[in-house]
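Contents: one structure, followed by commentary.
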Amino acid sequence: MTDDALRDHLLGRGALASQFSELDPGAMVGFAGDLVLGGGLDLTLAELADRCGTSVEQARSLYGSLGLDVDRLVGFGPGDIEMLSLTLADESGVIEQVGTELFRVAGRSLRRVAEAAVAAYVQDVESPPDDASGQALVELAELNEMASGLAVAFSEVLGTMFRHHMWITIREQRTGQDGVGPSQLIRAGVGFVDLVGFTPMSQQLDPGELMELVEGFEQRAFDVATRFGGQVVKSIGDEVMLAGPDHETVARVALSLVEGFSDVSDTRPRGGVSAGEVVFRLGDYYGPIVNVASRLVDAAAPGEVLTDLPSVESKFVMGQPAGQRTLKGYVEPVDVWSLAASG
């Protein structure tokens, strides 16, 4: 049965009764947030293309490169006009040259940001309790509107954050490429940290506990990497890939993550670290250095961080010989050192 108070609330927000007349109360709560997210997106794809002096096919292609199916979008607005017009006005050829790959990476990254933002409120706000009163449903709708409004506001500050990240990344890449031949190569430290026994443990945890574990691990990795001047390149469930300007930076991140997470969880991480010239492409790292770091984490014991580089001792990190380990894909055993924090 349609909740009258919630129905009146949606009508007051400018919705048409035909838009929600067949929705149950829970879906109506979600629809309240949809109204906020869709606000101002009143143009069709044909109208957008016409405003920008291009074809529907070209506009569709651009959105496709960003991972967006235009047929699933609610509409288009001023921001779309600005983006499409800017792309079409590029006379340097830079966007045409790198646009497809760059847009693909941006689309993938923004989708993940969107998923994280959605998880922050849809799962908790959109599903009302079965015994919720009419007033409670209206309050849930207002919370959903507030959360959606925050998401819209957050999207407007992404440009500023991107500019700051560009500033740091450009300088790191200049330093990493100093004295290195091909432009695709940079000097960097690379590492991996994973959670030992994650697969069997995940079968014993309920979804909430599993999410708490993974989110806690990723959050700690992000915090530690930022503190020491490194970065989390990507995370795959129970494993994170780390990078930094040098071996010591990544070693400090890996050690702090392994030691710190062991203190707050029954799960013990382990890590592998290496450094040298790597292929840097579209925010990811490739090459033998990356491969050996990945193999080292598999060879490490719980609570241990291994490296294949002997010259590790510094003010913050020291390495102790740990013999030889047989790494997957390597014919001969590899000399390794076990890392520890100095002091």
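The values are calculated or read from the model by the stated rules, or taken from the named source; none is laboratory data. Model, not experiment: these values are computed from the prediction. So basically every Cβ, Gly included, is an ideal-geometry build from the backbone, and we count neighbours across all protein chains shown. SASA here: full protein model, heavy atoms, side chains in, ligands and nucleic acids out. Shrake-Rupley method; radii C 1.70, N 1.55, O 1.52, S 1.80 Å.
Per-structure values
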quantity: Accessible-area value, GLU212, 1.4 Å probe, nucleic acids and ligands omitted, Å²; calculated: 130
quantity: Whole-number D in µm² s⁻¹ for the stretch 1-92, Kirkwood Cα-pair radius fed into Stokes-Einstein, 20 °C, 1.002 mPa s; calculated: 142
quantity: Under the span-like rule (Cα at least 20 Å along the axis, Kyte-Doolittle mean at least -1.0), DSSP H helices of the chain; calculated: 94-121, 134-177, 207-228, 247-264
quantity: Computed over the stretch 131-221, Kirkwood Rh from alpha-carbon pairs, angstrom; calculated: 18.6
quantity: Cα pair count fraction exceeding 32 Å, expressed as % - the chain; calculated: 48
quantity: DSSP-defined beta bridges in the chain - what % are antiparallel, rounded to 5; calculated: 90
quantity: Cα gyration tensor shape of the stretch 223-342, rounded if a/c is under 1.5, else prolate or oblate by comparing a/b with b/c; calculated: rounded
quantity: Convex hull volume per residue in cubic angstrom - Cα atoms of the stretch 143-191; calculated: 109
quantity: Net +/- balance of residues flanking VAL70 in space, Cβ distance below 13 Å, scoring K and R +1, D and E -1; calculated: -3
quantity: Highest-fluctuation residue, GLN173, GLN19, GLN320 considered, GNM on the chain with Cα pairs under 10 Å; calculated: GLN19
quantity: Cα-based shape type of the stretch 275-343, given that a ≥ b ≥ c are square roots of the gyration tensor eigenvalues and the cut on a/c is 1.5; calculated: oblate
quantity: Inter-probe distance in nm under a simple model that places probes 7 Å from Cα toward Cβ, at PHE154 and LYS328; calculated: 3.5
quantity: Extent along principal axes [Cα atoms of the stretch 1-45; Å; largest to smallest]; calculated: 36, 17, 16
quantity: DSSP-assigned coil residues among trypsin sites (Lys or Arg not before Pro) in the stretch 238-343, each with at most 10 further Cβ atoms within 10 Å; calculated: LYS315, LYS328
quantity: Vicinal HN-Hα couplings computed from phi for the stretch 318-331 (Karplus, 6.51 cos²θ - 1.76 cosθ + 1.60; Hz; Gly/Pro x); calculated: 9, x, 10, x, 10, x, 10, 10, 8, 9, 4, x, 10, 6
